[in-house]
1. Taking the Cα atoms of the stretch 47-87, report the difference between the largest and smallest coordinate on each principal axis, in whole Å and largest first.
2. Modelled label-to-label distance, residue 16 and residue 126, 7 Å Cα→beta-carbon offset: nm?
3. Along the Cα→Cβ direction, 7 angstrom out, place labels at residue 1 and residue 65. What is the inter-label distance in nm?
4. Please state, rounded to one decimal and in Å, the Kirkwood hydrodynamic radius that the chain gives when every pair of distinct Cα atoms enters the mean of 1/r.
5. Stretch residue 39-residue 78 to full length: gain in nm at 0.36 nm per residue minus the Cα-Cα span?
6. Pairs of alpha-carbon atoms within less than 8 angstrom and 6+ residues apart define the contacts here; what relative contact order does the chain have, in percent?
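Quick note: the coordinates plus some simple rules give every number you see, no bench work behind them. Just so it is clear, the structure is predicted and the values come from calculations on it, not from any experiment. Cβ placement follows ideal geometry from the backbone for every residue including glycine, while neighbour counts extend to all protein chains displayed.
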């Protein structure tokens, strides 16, 4: 039961990082800011997020590959749609359109960052032996 709780905490933290990722990119996507550098920011933030996911999975999940599936299923089915809908409700219409577009266009990069970060975190964590 404690392991399931840890995977849900990781899923919620992934969703919060995704929301922060979208808000930062939407802020930078405004005209006269960093529009021409947006691809650099997308990949730079994805690498930063992958490092965060590596540390999270190494500390919370440990060396259990079923955790990756539990995190991804709850992330995609429960938390991501709910949190994204909440973010769109509190933003203005034009800002919400930018967030919707960035959500669609950068979701593949973010998914790869999640899989790489959590997968390498599980791979490089030490096995936990029951005493």
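1. 32, 24, 14
2. Going from the residue 16 label point to the residue 126 one covers 2.7 nm.
3. Each label point lies 7 Å from its Cα, and together they span 2.9 nm.
4. Across the chain, the inverse of the average 1/r is 15.4 Å.
5. So the chain would gain 11.2 nm between residue 39 and residue 78.
6. Computed over the chain, the figure is 44 percent.
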